[in-house]
1. Quick check on region 16-38. Is at least one of its residues open to solvent by less than 50 Å² (accessible area, probe 1.4 Å) and touching a Leu at 6+ places or on another chain (Cβ under 6 Å)?
2. Kindly check whether there is at least one residue in region 62-69 that is surrounded by fewer than 16 Cβ atoms within 10 Å (Cβ to Cβ) and either charged (D, E, K, R) or touching a helix residue (DSSP H, G or I) at 6+ places or on another chain (Cβ under 9 Å) (or both).
3. For ALA151, which of the numbered conditions (1) more than 16 Å from the chain's Cα centre (by Cα); (2) at pLDDT below 95; (3) not charged (D, E, K, R) fails to hold?
4. Please count how many residues of region 47-92 are outside any helix (DSSP H, G or I) and farther than 22 Å from ALA33 by Cα.
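The values are calculated or read from the model by the stated rules, or taken from the named source; none is laboratory data. This is a predicted model, so every value here is computed, not measured. Backbone-built Cβ (ideal geometry, glycine too); neighbour counts: all protein chains shown. Ligands, DNA and RNA are stripped out before the accessible areas are found, and what is left, the full protein with its side chains, is counted by its heavy atoms. Shrake-Rupley method; radii C 1.70, N 1.55, O 1.52, S 1.80 Å.
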Amino acid sequence: GVGVDAAAVRAQQACAAHGIAPNASIFNNILAALDKAGPPEAVLAWLAKMRAAVPVTTTAANIALKAHLQRRDFGAAAELLRSMMKRAAGADYPPPPNEMSFNTVISALGDAAQPERAESVLSTMIDAGFTASPVTFTATIAAFAKQSRPADAARVLKRMLAARLQPDT
């Protein structure tokens, strides 16, 4: 964790020494490295640095969602996802969500034994006009299956089939 953060600082300093302003790609790579090896707090701290320097990408916001979820701060993750969905035209932050944004939250809620909240995110996604994929539905089905709730898993599967989607494997 600390090693990755120190390496990120050195990379930022090297860019500055060569007159290179860190761009979104550099920050995305730093966030991805921290996501793999650092504590979620480091991810959120670097996201704040990114916000101060460049527009935040959806990739970076998805990593932030994951960091909130790793901290079990479901409220912060839900608020970030809601903000991404309601993004004001012309605003730099937050960026708009993509399928990965929703899948990240749904999967984490399933892992946290909160299948109703996972299904609520799926419903919100669809109601807001976003397209749910087989992966999104399957993550929601798995959330119920992990809680030994086959009737609810079957209900979500019926929704998926009604949307003319086939389960992934």
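1. No, because not a single residue in region 16-38 is open to solvent by less than 50 Å² (accessible area, probe 1.4 Å) and touching a Leu at 6+ places or on another chain (Cβ under 6 Å).
2. Scanning region 62-69 turns up no residue that is surrounded by fewer than 16 Cβ atoms within 10 Å (Cβ to Cβ) and either charged (D, E, K, R) or touching a helix residue (DSSP H, G or I) at 6+ places or on another chain (Cβ under 9 Å) (or both).
3. (2)
4. First, pick out the residues of region 47-92 that are outside any helix (DSSP H, G or I): 54-57, 71-73, 86-92.
From what is left, the residues that are farther than 22 Å from ALA33 by Cα are 86-92.
Residues flagged as outside any helix (DSSP H, G or I) and farther than 22 Å from ALA33 by Cα within region 47-92 amount to 7.
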